[in-house]
Amino acid sequence: MERFDHFMARANAAYYAARDPFADFVTAPEISQVFGEILGGWARIAWEMMGSPGDIMLVEAGPGRGVLMADALRVFTPASVHFIETSPRLRESQGKHVPGAVWHDTLADVPKRPMILIANEFLDALPVRQFIRRAEGWMERHVDAGEYVELPVEIDLPDDPESSVREVNEPALAFVTEIASRRAIALLVDYGPENSAAGESVQAIRDGKYANPLNQPGTADITAHVDFTALATAARAAGADARGPVKQNVFLTALGLFQRSDFLAQKNPANAENLRLAARRLTAPDAMGGLFKVLAVCPPGFPPLPGFETCATRQNS
Ligand code: SAH
């Protein structure tokens, strides 16, 4: 028997080590090169706002095939490129797209220098603890021989009605805390609600279809929605500021997704229709555009970041 988050961590490590995740799902950078170009443009502006430090690192967590970074580097040339990636298989693909990158297993291993970090669909792959409210109090889900087992747990959670589920992504909270304590700037893009909510969001995708997360661990991609409120709270508790989350479509539109797509379409008419469809897909309000959110983490008092101009800023206290 093991805790659900331990089960999920093992299952996903096996999945990313052995499988091609892009056979199972499509991510934004795989839909349009403009996604990575916009993140690269954002990083470039953030770097200028930092005072253009000469030793700036551009770090990407969970870079997949490496295409987001390859697109970003057309717009911004940092002093060095770092990847946080545990899968040897994906590291190989990333190396083909981004020669000269340096790999690390965790954020803690990345050198302590000025840093801009980007991540798309990284935090949702990190393991969540799952709690379920019963008459006697909160219980924690464990996994035993392919079945859930609930054990009592001491945990500080809202007083939700019976049968409510809460998910806590401890590695994601630790990740944001580390970004905050480094006084780094980060742009985190992921699937999840604007505000914390009770509810079960764990899902597994095998061969492009929904599957039972407990069956055949390592053959399905297991994800959970990202709790942006919890991440913003963790960043602020560690002395940083958090801006957003804003919806992906609002962010990408503000940063010029449609203008850039049109420009590329004019230069390459054979690809024009693809580019226009891709831009629409990334911004569809009832799909990727509205379900994905973008959160920025930055030092307190940092000036308004592109795409987050309307978000409140917190001064250094
Ligand atoms: N950002 C990419 C890929 C998303 S898939 C895209 O948008 O296309 C998730 C990525 O996170 C994969 O590269 C996977 O190998 C990596 N990953 C998952 N869990 C990880 C962990 N615990 N540590 C480091 N990388 C991890």
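Values as computed for the structure displayed
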quantity	calculated
Fully extended contour minus Cα-Cα distance, from VAL102 to ARG74, at 0.36 nm per residue	8.3 nm
Segment 151-185 versus segment 27-73: alpha-carbon centroid distance in Å	27
Length gained when the stretch GLU30-ASN274 is fully extended (0.36 nm per residue, less Cα-Cα span)	86.6 nm
Cα-based helix-to-principal-axis angle, 228-237 vs the chain, degrees rounded to 10	80
At most 10 other Cβ within 10 Å, DSSP loop - GluC sites (Glu not before Pro), segment 46-150	GLU136
Euclidean distance between Cα centres, segment 237-277 to segment 93-112, Å	25
Using alpha-carbon coordinates, inclination of helix 257-267 to the longest axis of the chain, degrees	50
Partner aspartates and glutamates for LYS96 [C-alpha distance under 15 Å; skip if fewer than 8 residues away on the same chain]	ASP71, GLU85
Burial ordering of VAL110, VAL202, VAL297, fewest other beta-carbon atoms within 10 Å first	VAL202, VAL110, VAL297
Sites ASP160 and THR219, calculated FRET efficiency, Cβ-Cβ separation with R0 41 Å, nearest 0.05	0.80
Distance cut-off 20 Å, percentage of C-alpha pairs in segment 236-316 lying past it	45
Separation in nanometres of the label points that stand 7 Å from Cα toward Cβ, at THR310 and ARG91	4.3
Beta bridges per DSSP with both ends in the chain, % antiparallel, nearest 5	65
At R0 = 25 Å, FRET efficiency that the Cβ-Cβ distance of ASP109 and SER52 yields, to 0.05	0.45
Sequence of ILE132, ILE84 once ranked by neighbouring C-beta atoms within 10 Å, starting from the fewest	ILE132, ILE84
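Read-outs throughout are calculated quantities, based only on the coordinates presented, and are distinct from any laboratory measurement. Remember, it's a predicted structure, so these values are computed and weren't measured experimentally. Every residue, glycine among them, receives a Cβ derived from its backbone with ideal geometry; neighbour counts consider all protein chains shown.
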